[in-house]
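The values are calculated or read from the model by the stated rules, or taken from the named source; none is laboratory data. Not measured: the values here are computed from a predicted model. As a convention, Cβ positions derive from the backbone with ideal geometry for all residues, glycine included, and neighbour counts pool all protein chains shown. Surface accessibility is based on the protein's heavy atoms, side chains included, excluding ligands, DNA and RNA. Shrake-Rupley method; radii C 1.70, N 1.55, O 1.52, S 1.80 Å.
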Amino acid sequence: MASTFVYALLACSLMGVAWGAGSSFYSEFEVTWGEGRGKIANNGQLLTLTLDRSSGSGFQSRKEYLFGKIDMQLKLVPGNSAGTVTAYYLSSQGPTHDEIDFEFLGNLSGDPYTLHTNVFTQGKGDREMQFRLWFDPTKDFHTYSILWNPRHVIFMVDEVAIRDFRNLESRGIAFPKRQPMRIYSSLWNADDWATRGGLVKTDWSQAPFTASYRNFSADASPSSGGWFNQELDSATLARMRWLQRNYMIYNYCADANRFPQGLPPELTQK
């Protein structure tokens, strides 16, 4: 109980209010690179990132967060987006940083996007899970959310949980809970690995590539809703497991060849 109270105080000191859907990108974010390729429009309600042969672009939040329910609607690069990556994530700074990742790996026209997720704690990642999205993320905006509280990091797509990284500190496994993080996003060229392991390169005749963002919402006030103590109930957990069985295409937990010295401790300890 005491630790929960301390977490609540820390979260309030960093954020204090809940920013609703439709918050202005002008007030909440700054375009940090891309020499004009990142733009805020529609009176602050739309942000676009563009990639061409010369450069990609990116933005970051003006505020830091320690726990919260973070929502953003994205519409991804349409058509032949092979070689491109749209990254949307939370991260602290430094060699022992924490990080919570959504990355959208581009595709050839007609192929599904790959949604890549990862969690870093104290500078250590290698916890990738990848999914095929069950809709075309380029036709309309969809909501991608991170629910981060002292017990869980839950990844959600259109309010459907797809992954739950649990706090297993009782087993000696680090959990991101002490380092405030900013929100970042970038659109960049990664054709050395992004599409079919780098076999499919970026077709620059399709450039410029554009990803769009709207309806940012960050609830980081522990008293404003149930996210601070939220757990997955049995129905939500069953739905997540069904989705993983049907749409997950890579799970580090099942990749024994990658860990010849043994699986990571969160996968082997009881």
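Observations on the structure shown:
- Filter result for Ser61 (in contact with a helix residue (DSSP H, G or I) (Cβ under 7 Å, 6 or more places away or on another chain), touching a residue at least 40 places away in the same chain (Cβ under 8 Å) and among the polar types (S, T, N, Q)): yes
- Checked against (1) in contact (Cβ under 8 Å) with a residue 40 or more places away in the chain; (2) open to solvent by 10 Å² or more (accessible area, probe 1.4 Å); (3) among the hydrophobic types (A, V, I, L, M, F, W, C); (4) outside any strand (DSSP E or B), Val77 passes all but condition (2).
- Looking across segment 125-153, the residues that are in contact with a Pro (Cβ under 9 Å, 6 or more places away or on another chain), within 19 Å of Tyr250 (Cβ to Cβ) and open to solvent by 10 Å² or more (accessible area, probe 1.4 Å) come down to Asp126, Arg132, Leu133, Trp134.
- A search for C-beta distances below 6 Å between a residue of segment 129-155 that is under 16 Å from His116 (Cβ atoms) and of a type in the set (Lys, Arg) and any residue that is in a strand (DSSP E or B) and modelled with pLDDT of 95 or more, counting only pairs 6+ apart in sequence or on different chains, returns Arg132/Ile249.
- Criterion (open to solvent by less than 10 Å² (accessible area, probe 1.4 Å) and modelled with pLDDT under 95) met by exactly one of Gly94, Gly106: Gly106
The rows are residues; the columns are (1) within 27 Å of Tyr113 (Cβ to Cβ); (2) among the hydrophobic types (A, V, I, L, M, F, W, C); (3) assigned to a helix (DSSP H, G or I).
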residue	(1), (2), (3)
Ala161	yes, yes, no
Phe165	yes, yes, no
Leu187	yes, yes, no
Asn215	yes, no, no
Pro222	no, no, no
Thr236	yes, no, yes
Arg239	yes, no, yes
Trp242	yes, yes, yes
Gln261	no, no, no
